[in-house]
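Colleague: Supplied in C-alpha cells, the structure appears directly below.
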Amino acid sequence: MQPTPSAISHSMNLRHIEIFHAVYRAGSISAAARALNVSQPSVSKVLKHAEGRLGFPLFRLVKGRLVPTEEAHALFPDVDEIYGRIESLRETTRNLLSGGEAHLRVAMLPSLGLGVVPEAVAKFRQRHPGVTFTLQTLHNEDMLRALYERKSDLAVAYEAPRHPRLAHTRIATGELVLLYRREHRPVAPPRLSIDAFPGQEMISLAGSGPVGALLATEVVQRNLGRAEGLVAQTYYVAAALVRHDAGVAIVDEFTARANQGPDLDFRPLAEPVTFGVYGIYLEDRPLSKAARAFLNALKVGIQEQQAHNPGL
C-alpha cells in the first residue's frame, strides 16, 4: 500500500523530514550527517524514530549500500516540497532579521545569462553590497519548476506564464535580430530582411522556448522554405556556429548583443518581431523589496543597452 501525503503531516515532524530528505539525497547516513553537521548516531536515531512513526522502513541495506524503499520513493516528492517551503521560510526569516541585507536566488534563460543579467547584478551590488545572489541559467520549463519547488525566488524569462500559482511583471520588450559575420555585410542598413543573406545557411533553432516558437511562426507566415542544414537547441550554440562561419541565425537581441564584436554583428529584422521580458514569481510569495529593486535595475540596464543600438 502506497503512503499518502497525509502520512507525512500525521507521522513525521520537521526533524524527521530534514533527516529523511538529507539521507535520501546524500545516499548514506554518513554523508547526510556531514551535510547537516551532526553526528551519524543522531541521524540513525531520528531516521529509526521516523520509520517507527510511519510504520514502514524508509531504507534498506543492499550489498553495503543504503537503498530507498518503494515507500520512500513515494513519500519523497511531498517531503521535498515541504522541505523547500521550510528552506524558503528560513531564507525569508534571515532576510527579515538582516535589515538592509538580503539574498536573491535568480533563475534566468541562458540568453539573458550571457550579459544583461550579470551586468545588472554587478551594478546593483555596487549600490547594495548587502544583497547577495545565487544565479542559475535554466530553460523555460526548468525555470518555472524551480519557482514551484521554491528553489528560486525570481525568474527572468521571455513569456508570461499562464499558471494560477505564478505572477509576473513586464520588465522590457525585446526583438528578434539577424546575427551574421561582419565580413559578409561590412556596411549594413539599420534593419535587414530575414532573407538578406541568400548565399548563407540559415541556422535553425529547435526546442528553444517561446522565442523559438515565435520565430518558427514567423518563418511559416513568411513562407520561407529554406532547408535546415543546421539545427541548434540553444541560442548561444547558434551564435557559436555563426562565429565559425557556418551561416547566419535569427536570435534574440540579448544573445546577439552578448556576442557582438569585431567578427560578429547584428541587425533587427525589417519587419519587427518582438517579445516580452518578464520577472516571474510565486503568487503566494510576493516580491521582496530587494527583488523589486533588482528588477527595476535590470529594466534600466536593458533600456541603456538598447539605447546604444540605433536599430532597437
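The numbers here are math on the coordinates, done by the rules we state, and not lab data. Since the model is a prediction, treat every value here as computed from it, not as a measurement. A quick note on method: Cβ atoms are made from the backbone with ideal geometry, for glycine too, and the neighbour counts reach across all protein chains shown.
Colleague: Which FRET efficiency value, to the nearest 0.05, do you get for Gln136 and Ala270 by plugging their Cβ-Cβ distance into 1/(1 + (r/R0)^6) with R0 = 51 Å? Provide the component values of the computation, followed by the final result.
Modeller: Values: r = 36 Å, r/R0 = 0.70.
Calculated transfer efficiency: 0.90.
Colleague: Can you sort Phe133, Phe56 so the residue with the fewest Cβ neighbours within 10 Å comes first? Don't skip to the end; give the middle numbers.
Modeller: On the way: Phe133 18, Phe56 14.
Least to most surrounded, the residues fall as Phe56, Phe133.
Colleague: Take the alpha carbon atoms of segment 166-208, find their center, do the same for segment 258-312, and report the distance between the two centers in whole angstrom.
Modeller: First find each Cα centre; the distance between them is then 16 Å.
Colleague: Can you sort Leu14, Leu287 from fewest to most other Cβ atoms within 10 Å of each residue's own Cβ?
Modeller: Numbers: Leu14 10, Leu287 18.
The order, fewest Cβ neighbours first, is Leu14, Leu287.
Colleague: With r defined as the distance between the Cβ atoms of Arg243 and Asp195 and R0 fixed at 25 Å, what FRET efficiency is calculated, to the nearest 0.05? Intermediate values should be presented prior to the final figure.
Modeller: Working: r = 21 Å, r/R0 = 0.85.
That pair, Arg243 with Asp195, gives E of 0.70.
Colleague: I've got another one for you. Provide the net charge surrounding Ala31, with neighbours chosen by a C-beta distance below 15 Å and charges set as Lys +1, Arg +1, Asp -1, Glu -1.
Modeller: Working: positive: Arg25, Arg34, Arg65; negative: Glu18.
Charge balance in the 15 Å sphere: +2.
Colleague: With label points built 7 Å along Cα→Cβ from the Cα atoms of Arg25 and Glu304, find their separation and express it in nm.
Modeller: Taking the simple label geometry, Arg25 and Glu304 are separated by 3.6 nm.
Colleague: To one decimal place, what orientation-averaged projected area in nm² is obtained for the convex hull of the Cα set of segment 6-94? All intermediate terms of the calculation are to be shown ahead of the outcome.
Modeller: On the way: hull surface 23.1 nm².
The directionally averaged projection comes out at 5.8 nm².
Colleague: For Ile86 and Arg127, compute 0.36 nm times the residue count separating them, minus their Cα-Cα distance, and round to one decimal in nm.
Modeller: Details: separation 41, 0.36 × 41 = 14.76 nm, distance 3.03 nm.
11.7 nm is the gain from fully extending Ile86 to Arg127.
Colleague: Something else now. Report the extension gain between Arg53 and Arg162 in nm, rounded to one decimal, defined as 0.36 nm multiplied by the number of residues separating them, less their alpha carbon distance.
Modeller: Residue separation times 0.36 nm, minus the Cα-Cα distance, leaves 35.2 nm.
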